[in-house]
Each structure stands twice: as structure tokens, then as C-alpha cells.
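> The structure's right below; bear with me while I get my questions together.
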Amino acid sequence: MLRFNENNEIIREDEYDAIIVGLYRGRDTERSMDELEGLCEADGISVLGRVVQDPEKPNTATLIGKGKVEELAEVCRNMGADTVVFNDELSGVQIRNLEEALDVRVIDRTVLILDIFADRATSREGKLQVELAQLQYRMPRLTGFGKSLSRLGGGIGTRGPGEKKLETDRRHIASRIDDIKAELRKLEKNRKVQSAGRSKSGVPVVALMGYTNSGKSAIMNYMIRMTDEGDEEKTVSSRDMLFATLDTQHRKIVPEPGNEFLLIDTVGFVSGLPHSLVEAFKSTLDEVRAADLLIHVADSSSDDCDFRIKVTEKVIGEIGAGGLPVIMAYNKCDLKQPDMTGSGGDYVVPVSAKTGENMDLLVRKIEEMLFSDRVRAEFVIPYDKGGITSELCEKGRIESMEYEERGTVIRGMFDREDFGRYEKYGTIQDSGETGV
């Protein structure tokens, strides 16, 4: 679990016992509180109990009412809780007031999610994105994080011995935010160069999207194992827990020669995902926007399946990927057969990455949607038509290129439209359709 020391340095501690607290939100209350408990467990926090209040309006000083605060303090003492986790986002002043009244550490859902992300990020970019979100969360709450932040500070890097530590902290955080943003821009530029290289190669991109713990990584691993180039060393981490995978993963999938595609496994989503975290990860999710096809993975065994689908669809729209073709894959159908009535997407299929049920159908549908308009062809381009050779190499999947007396002989997979443009130089060898 994440905490900050008096110097604004992130520290981690473990083995907390917590009470979770939330405001009544109608029929979604239990679902939201269950999810908060799952987030706590994902962060190594044991949940001892839960408290829910239905106030006329939230208390500006403590979110919950004075009487409920006193009741919560008694619950913490009796159950030995050392942490209280609120389902709603708290202001710095509310955190301070609650900690003084309860005499335990108080965090909110946003801090909890940020802490999980901080623990799971492994790439340089992922760590920077999480740190940026943490600092952006912390900046407006400095005034509420305890009396230690109002002590006088001085020395190198301050405006003078009379400057308050609070002001020093604010300037240091602002400076660090600027540094992180600059470094992320450099990494984003490098990633765009890599993405452009993949686009130029003609290999289509398929992106896995979905709610956290829906089974995206498990589906990727199954595809890796079932293809000719499948290799156990290429599989990604896949565990039955929230946010098991954070950093974007790329793997080449080759169902059959000429039909390879790049599969991207992205970070999962959750309701109430902090806005700062969505913003921080938007640059990474730009790869999804540039994909040729989305696979929206839903957990059919979840009682909240429809709700989670809506959350994911909302995020897909927010990152500008709402217009892409979508395969709706209801995973974990071995546990519960989904009700696919009224499901969105261009194609809907129930699958199980655990048992392999319908996974071959999913792969064939991906091939159909990506390659059905391709043909395998041979072109003989005269040497004085070098521009045509360059265009075919840029747009097609080139399997071989030879220089003969009659001209440049190019063999590969091409879109029917591109073939038709230069049909007088080429012949179709066989169709690129998958036969699905």
C-alpha cells in the first residue's frame, strides 16, 4: 500500500486491516462496494467490514455525517482496523479531519487504484504515467495532509528560510510534473516511430480491450500457444486478480502463413477510474486508436457483465477508438453462458481462454475481418516503373522479390483494390480469404 512521507516521497507498506466506507448510490451501491473490496484485496489489504450511509447530502468536512464518523471510530477500535478506505474521492481537508477523528489512516478509492497501478507498472513509461497521476492527485490536497506539511523549511532550493514547507512541496511537485511530462513526450515520440514502422510493414494490429480481470491476457496467451509461432516464453503474465497486467504488451500471432497480425494487450478498466490516470495513459492507448480491429473482452461469469461492458465502451469512445470494427468476445463461457441478446460489436462470440472453447472460431473471425479482401498475387514490374514497385512494397505483405530480365518480380499478399490498380502487371496466385 502506498503512503507519502513528510518529504513527499512515496513509501510502501503492507498488511493493513481496513473498513471500507461508501455513500448509498441506489442499486449500484453493493456492486460498487464489492468492487472496492476487490481492489483492497488486490492491494494486499484485508477488509474487516463495511459501512454505508445514505445522507441527505455529503458532509463537506468529513463526507459522512458526524454521528456516522463517531460510529465508524467505534467500529475501527472494536475490530482493530488501522485503515479506512472511502469509495468516494476525498479532499485533502476531509482526509485530515477524518484521520484526526478516527485515529487511523484514511485513503480513498483513487489512492487505492493509483497504488495498485504503482505496484504493477514495470516499463519506464508505465511507471512515469503512474507517478504523474499520483502527483496530480496529490497537488491540490497538500493543505490537508497533516500538520507536518506546514513546518517551516529552508536551504538550497527554497526562496528563503521563511518559506513554508507546504509551498516548497508544491513547487517541487510542479517541477517534477513538468519533468515527467517532458520525458513522456520523448517516449511517445519513440513509440509513434515504432508504430509507423509496423504500419509500413503492412501487418494489421488487433487490440484487446476490456474490464480488468476479464481475461484479455489469457486470450492472448491462448492465441500464442495455438499458432505455429506459439512459444511459452512469449506468453504474458495472467492472474485471476484485478489489474494483473498494466503495461501494454505486443505479440505477433501467425494463424497461417501470410495471415499474421500484431496482438496488443492493454490495461484493463474499472468503474471510477481516476481521471488523472486515464489522462496519463491516453498516450499509451493511442496505439489502440490506430488498431485495425478491437476485441472487446467481457467476463460472461460476472453478474455485472452489462455494466462492465458499458464502462469499457465509454473509455473506448473517450480515447477516440469508437469507430473501429469490434469483435465482442464473451470470455469465461465455461463458467456461465452469456446472454448475447442485443450485444454490440460487428461480431459476437462466447469463448473460454481456459478450456479453449470457440477460440479457434475467434481466430478465424479475426482472419476473416482482416484478410478477406486480400489476394496472393505475383507482379512483374518493368524497371522503368520503379514508383509502382515502391508503392506495392509499401502497401502489400511482400513474401519475395526477385530481379529478373523481364523486370522486378514481386510476390505477396495485397488488397484487392491495390491489385486492381496494377492488374495489368500481375496475376492472382490464390485468394487470401480464410474460408470462414
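> Can you tell me how much longer the chain between residue 91 and residue 404 gets when fully stretched, taken as 0.36 nm per residue apart minus their C-alpha distance, in nm with one decimal?
Details: separation 313, 0.36 × 313 = 112.68 nm, distance 7.32 nm.
Additional length available on full extension: 105.4 nm.
> Is the C-alpha gyration tensor of segment 358-414 telling us rounded, prolate or oblate? Criteria: a/c under 1.5 is rounded; beyond that, a/b larger than b/c is prolate, otherwise oblate.
prolate
> Still on this structure, I have one more. Need one value: the accessible area of residue 393 in square angstrom, 1.4 angstrom probe, rounded to the nearest 10.
Probe radius 1.4 Å; accessible area of residue 393 about 40 Å².
> While we're looking at this one, here's another question. What does the accessible area of residue 372 come to, in Å² to the nearest 10, when a probe of 1.4 Å is used?
In the full protein context, residue 372 sits at about 50 Å².
> How many nm is it between the label spots at residue 423 and residue 171, if each spot is 7 Å from the Cα in line with the beta carbon?
Reported label-point gap for residue 423 and residue 171 is 7.2 nm.
> Straight-line reach from residue 57: which lysines have Cα under 17 Å away, leaving out those fewer than 8 places along the same chain?
Partners within reach: 66, 68.
> Excluding ligands, DNA and RNA, what is the solvent-accessible area per residue of segment 362-436 at a probe of 1.4 Å, expressed in Å²?
53
> Ignoring ligands and nucleic acids, what accessible area does residue 313 show with a 1.4 Å probe (Å², nearest 10)?
Accessible area of residue 313: about 90 Å².
The values are calculated or read from the model by the stated rules, or taken from the named source; none is laboratory data. Everything numeric here is computed off the predicted structure, so don't read it as measured data. Reconstructed Cβ throughout: ideal geometry from the backbone, glycine too, with neighbour counts over all protein chains shown. Each accessible area value is taken on the protein alone, full model and side chains, heavy atoms only, with ligands, DNA and RNA left out. Shrake-Rupley method; radii C 1.70, N 1.55, O 1.52, S 1.80 Å.
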